[in-house]
1. Can you tell me how many residues in segment 67-83 are crowded, with 20+ Cβ neighbours inside 10 Å and without any contact (Cβ under 8 Å) to a residue 40 or more places away in the chain?
2. Going residue by residue through segment 265-288, is there one that turns out to be on the phi > 0 side of the Ramachandran plot and at pLDDT below 90?
3. Take segment 92-139 and flag every residue that is among the aromatic types (Phe, Trp, Tyr) and touching a Gly at 6+ places or on another chain (Cβ under 9 Å).
4. Out of TYR349, TYR365, TYR326, TYR321, I need the residue that is of a type in the set (Ser, Thr, Tyr) and within 19 Å of VAL405 (Cβ to Cβ). Which one?
5. So how many residues does segment 1-22 have that are touching a strand residue (DSSP E or B) at 6+ places or on another chain (Cβ under 7 Å) and either in a helix (DSSP H, G or I) or crowded, with 20+ Cβ neighbours inside 10 Å (or both)?
6. Filter segment 319-338 down to the residues that are within 15 Å of HIS366 (Cβ to Cβ) and acidic (Asp, Glu) and list them by number.
7. Which one of the conditions (1) over 23 Å from the mean Cα position of the chain (by Cα); (2) buried (at least 16 other Cβ atoms within 10 Å of the Cβ); (3) part of a helix (DSSP H, G or I) does ASP122 fail to meet, given that it meets all the rest?
8. For GLY38, indicate whether it is more than 15 Å from the chain's Cα centre (by Cα) and at positive phi.
Amino acid sequence: MFTDITGFSAMMQSDEAFAMSIRNRHREIFKQSHEHFGGEILQYYGDGTLSIFDSTVAAVECAVDMQLAFQGHPQVPLRIGIHAGDISYDEEGAYGDGLNIAARVERLCTTGSIFVTAKVFDDIKNHPWLRAVSMGVFQLRNIFNDVEIYAISSKGLVVPDNQALADYPEFELNEEKVAVEKGPIGHRNKHVAWILALVLGVFGVHRLYLGKRLQGIMHFAGAIIAILITIESRGQMPLIAFFGVLAFIEAVLLFVMPKAEFDHRYNMGITRMSRKERRRMKKTQKREAKQLKAEKSRARKKQKVQEESSFKKLKEALRHYDRGDYQNAIRSLDKLLEANRDDLVVHYYLACCFSITRDREDAYYHLSEAVQCGFDDFDRIDTDPALAFLRSQPDYVSYKDNNFVRVNELPPAQPDLLETDTLTLTPYEQIERLGDRMERGEITRVQFEEEKKRILGND
């Protein structure tokens with residue numbers, strides 16, 4: 001099963017908070033339904049999903065359950081495509097022809113619908129609560145064999161009309177194959193059918209027009225026989241009236257039948273568009289393409305303005321840095337981080353500023369972030385005078401060897417005043433031990449001098 005939220009990118013551009021609430025609702029219901037029907041979620045990718053099931057029926061039932069739930073507020077506009085086939089796995093994930101077909105079916109699907117392949121339909125057709133109608137046979141992109149697509153038509157689901165598939169030119173209806181297997185398609189008109197039923201229905205002409213050849217021939221033969229019997233009985237047995245009433249009823253049913261249902265029954269879900277409809281569709285496509293181009297242009301201009309603004313702010317921060325005004329440089333660089341937390345240049349210069357101002361922890365943090373974000377000029381780190389203070393720290397070597405990632409260490413153990421050998425040391429022996437600790441980096445020069453004064457003052 002592949003799913004995808006329709007128009008999610010446009011939602012993000014117009015109202016990011018609303019778009020995220022839609023995606024969160026989608027994932028919450030998606031997870032609950034899969035847990036209930038035994039589905040396994042393989043992957044979330046942006047606003048789409050990939051999942052598998054041990055049962056075809058469970059997969060379709062899960063899809064129906066989700067689509068009905070997504071109709072609540074806020075409504076989640078979702079497409080669902082399902083195919084039954086084998087899946088292969090390796091270290092990088094799942095792959096195979098079955099996944100490719102399911103992905104193409106989801107792309108063909110319309111918002112609020114569930115599209116399945118003929119293999120899925122074969123598995124569910126004996127379950128009366130899962131109904132489906134054929135949308136036709138299609139040649140899917142990069143798929144060798146033709147695939148018949150069905151739309152699940154259970155109560156509450158959206159079943160698209162034939163025009164909905166015209167928005168996907170990358171999918172091509174294989175009309176020849178449908179014509180061979182199921183008769184001519186895409187040319188029967190509902191108005192012509194009910195007029196024929198009303199005028200010539202007594203002879204079954206409308207049945208022949210609708211492709212029901214056997215029924216039409218039997219109807220015609222029965223009408224002729226009824227006329228002969230009526231003539232022979234001199235009107236005493238008007239059997240022909242039965243065929244007239246039957247034709248009138250069928251004419252009324254055809255007249256009130258929705259166009260979408262007529263197409264699904266007699267045109268395999270596909271109707272050839274008139275010239276006017278084709279012109280209207282082309283105009284709509286051109287208008288949408290123009291709008292998409294304008295939106296992309298606005299997005300590029302917005303991105304360019306943001307980049308220019310960030311560049312100006314960075315130049316301002318570096319001017320403070322070059323003048324030695326490190327506090328203002330830090331403030332300016334922090335503002336840049338609010339817009340982009342992964343700016344390696346900003347992290348590096350913050351590390352330099354904090355190193356110069358002897359803020360050891362912040363300097364370590366921002367240098368680590370710079371390296372994690374992709375800063376790889378390690379020679380500069382080893383030679384930059386601004387980082388001299390950081391390089392002088394006792395733990396810098398281990399920090400560098402650990403790919404510039406800090407390792408949290410326990411504080412050094414405090415001397416045990418109950419140890420008798422410490423209490424019996426002479427002041428000069430104590431100062432000698434302090435010198436050893438300073439050389440090992442356990443204490444600083446300042447701490448050494450203060451402790452030395454204390455020992456000599458106590459002498």
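1. Of all residues in segment 67-83, those crowded, with 20+ Cβ neighbours inside 10 Å come to 67, 70, 76, 78-83.
If we keep only those that are without any contact (Cβ under 8 Å) to a residue 40 or more places away in the chain too, we end up with 83.
Final tally of qualifying residues: 1.
2. Keep residues of segment 265-288 that are on the phi > 0 side of the Ramachandran plot, which gives 268-269.
When the remaining residues are screened for being at pLDDT below 90, the result is 268-269.
Yes, some residue in segment 265-288 is on the phi > 0 side of the Ramachandran plot and at pLDDT below 90.
3. If we filter segment 92-139 for residues that are among the aromatic types (Phe, Trp, Tyr), which is where we start, we get 95, 115, 121, 129, 138.
Matches in segment 92-139: PHE115 only.
4. Working: TYR349 fails: within 19 Å of VAL405 (Cβ to Cβ); TYR326 fails: within 19 Å of VAL405 (Cβ to Cβ); TYR321 fails: within 19 Å of VAL405 (Cβ to Cβ).
Residue meeting the stated conditions: TYR365.
5. Restricting attention to segment 1-22, the residues satisfying the condition of being touching a strand residue (DSSP E or B) at 6+ places or on another chain (Cβ under 7 Å) are 1-6, 22.
Filter once more, keeping what is either in a helix (DSSP H, G or I) or crowded, with 20+ Cβ neighbours inside 10 Å (or both): 1-5, 22.
Residues meeting the conditions: 6.
6. Correct list: ASP334, GLU338.
7. (2)
8. Yes.
The values are calculated or read from the model by the stated rules, or taken from the named source; none is laboratory data. Predicted model, so just to flag it, every value in this text is computed and none were measured. Backbone-built Cβ (ideal geometry, glycine too); neighbour counts: all protein chains shown.
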